[in-house]
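Chemist: If you scroll down you'll find the structure; I have some questions about it.
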């Protein structure tokens, strides 16, 4: 088994942005890390059960060609669920970190994207070369 490819795949798929990670970050942002633990444990349990049907990619590509016994498959399910727990815990911690940044710079953080959106809309409109003669 190519362990490096397997670990690379797992780290990329679990630590990138997704619904669990965004909700974990939101919980960390609003409730702090300690109060987010119950949510993280719920994701851990849910992900463990998903890892039993997750075989389409990881199991079929990395594990089943080399191991078929139930004990090994269960062990890999636990390992993958622990990796997912660590990923969502990191996102919850990011939420806690961002909470301090948001409280300090909330006006800038809220207003800046809106101004950039308005600017990009105006700039995009000004760059358009539209012939309006078809309207007449």
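Chemist: Would you please name the residue that is nearest to residue 16 (Cα to Cα), looking only at residues in region 63-111 that are touching a residue at least 12 places away in the same chain (Cβ under 8 Å), in a helix (DSSP H, G or I) and over 22 Å from the mean Cα position of the chain (by Cα)?
Modeler: Among those residues, the one meeting the criterion is 63.
Chemist: So, one more: Any chance you could count how many residues in region 10-29 are closer than 22 Å to residue 77 by Cα and assigned to a helix (DSSP H, G or I)? So that I can check it myself, show each step before the final result.
Modeler: Going residue by residue through region 10-29, those that are closer than 22 Å to residue 77 by Cα are 10-21, 24.
Next, only the ones that are assigned to a helix (DSSP H, G or I) stay: 10-15, 19-21, 24.
So the count comes out to 10.
Chemist: Which one of these does residue 75 not meet: (1) under 30 Å from residue 103 (Cβ atoms); (2) out of contact with any helix residue (DSSP H, G or I) (no Cβ under 8 Å at 6 or more places or on another chain)?
Modeler: For residue 75, the failing item is (1).
Chemist: Moving to a separate point now. Go through 28, 42, 46, 32 for me and flag whichever is over 15 Å from the mean Cα position of the chain (by Cα) and touching a residue at least 40 places away in the same chain (Cβ under 8 Å). Give the steps one after another, and end with the answer.
Modeler: Details: 28 fails: over 15 Å from the mean Cα position of the chain (by Cα); 42 fails: touching a residue at least 40 places away in the same chain (Cβ under 8 Å); 46 fails: touching a residue at least 40 places away in the same chain (Cβ under 8 Å).
Criteria check complete, one pass: 32.
Chemist: Can you give me the number of residues within region 75-95 that are under 12 Å from residue 50 (Cα atoms) and surrounded by 19 or more Cβ atoms within 10 Å (Cβ to Cβ)? Break it down stepwise before answering.
Modeler: Of region 75-95, the ones under 12 Å from residue 50 (Cα atoms) are 77-78, 80-81, 84.
With surrounded by 19 or more Cβ atoms within 10 Å (Cβ to Cβ) added as a condition, the list becomes 77, 80-81, 84.
Of the residues in region 75-95, 4 are under 12 Å from residue 50 (Cα atoms) and surrounded by 19 or more Cβ atoms within 10 Å (Cβ to Cβ).
Chemist: All but one of (1) in a helix (DSSP H, G or I); (2) farther than 25 Å from residue 21 by Cα; (3) at pLDDT below 80 hold for residue 59, so report the exception by its number.
Modeler: Every condition holds for residue 59 apart from (2).
The values are calculated or read from the model by the stated rules, or taken from the named source; none is laboratory data. As the structure is a computational prediction, the values presented were derived from the model and not from experiment. Neighbour counts run over all protein chains shown; Cβ positions are idealised from the backbone, glycine included.
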